[in-house]
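The values are calculated or read from the model by the stated rules, or taken from the named source; none is laboratory data. Here the structure is a predicted model, which is why all the values come from computation and not from measurement. Ideal geometry is used to build each Cβ from the backbone, glycine not excepted, and the neighbour counts take in all protein chains shown.
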Amino acid sequence: MKRCALAAGILLLLSCGQVLAPKPPAGPASAREALGIDRDQLSMEAKGVDLRLFDTHPTNGDTRKPTLWVHADLCSLEEQNIWSFQKAHAVIYGRDPNDAEITLEAGSGRFQEAKMAYLKDGVKVHVGKMDLDLADFEWINDERVGRTDNPITVASKDLNLTASSMRLYPDKRQIQMTNASGMMRIERER
């Protein structure tokens, strides 16, 4: 009798185990799995994004002002705090609000929050009446300097220069170029 009760108990447990066992999912548990995307490959994309870098100096209670603003048509988060973007318009602001803005256009680039912005693919910079064509341009936020170590051309009504590299200091309203050559028209005052 004890053997029958034990055998009946084992059969009951086995049958319950089969009924209570979880069923395998019919399909992937998420859209990510359905597309075969690894979690590390997952990135976030957005259209019409504004990215800003801010002055890191103490403000004495004033509102913190941006040093650089980038508006990108398409932007994606590649890794923590690093964005890549396409078709960008950017503005560099000097400390003096009366200074004219320095504007940039670029085909693509990268942006690291609180650190830097890197623009490439047909970079056009407009400083006053000067137009600069660059292969790339990097804004280092803590140093408040823009730079490229690739060839540039500078053009305006009275100026046509080429150089092998450049540093842009918006707070000083200064551009430093290395190995510069070209033509500059200087008129005398009468």
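For F137, the criteria (1) in contact with a strand residue (DSSP E or B) (Cβ under 7 Å, 6 or more places away or on another chain); (2) of a type outside the set (D, E); (3) not in a strand (DSSP E or B) hold in every case but one, which is (3). For D96, the criteria (1) in a loop (DSSP other than H, G, I, E, B); (2) surrounded by 18 or more Cβ atoms within 10 Å (Cβ to Cβ) hold in every case but one, which is (2).
When region 75-93 is filtered for residues that are farther than 20 Å from A135 by Cα and either in a strand (DSSP E or B) or more than 10 Å from the chain's Cα centre (by Cα) (or both), the ones remaining, listed by number, are C75, S76, L77, E78, E79, Q80, I82, Y93. I102 satisfies every condition listed in (1) modelled with pLDDT of 95 or more; (2) under 16 Å from the mean Cα position of the chain (by Cα); (3) among the hydrophobic types (A, V, I, L, M, F, W, C) except (2).
Taken over region 111-134, the criterion of being farther than 15 Å from R147 by Cβ and outside any strand (DSSP E or B) is satisfied by E113, A114, G128, K129.
Being at pLDDT below 95, within 25 Å of the chain's Cα centre (by Cα) and over 23 Å from R167 (Cβ atoms), is that true of even one residue in region 11-31? No, region 11-31 contains no residue that is at pLDDT below 95, within 25 Å of the chain's Cα centre (by Cα) and over 23 Å from R167 (Cβ atoms). Candidates in region 112-141 are the residues that are more than 16 Å from S165 (Cα to Cα) and charged (D, E, K, R); of these, the one that is surrounded by the fewest Cβ atoms within 10 Å (Cβ to Cβ) is K129. Out of E143, E138, one residue alone is among the acidic types (D, E), free of Cβ contacts under 8 Å to residues at least 24 places away in the same chain and touching a Phe, Trp or Tyr at 6+ places or on another chain (Cβ under 7 Å). It is E138.
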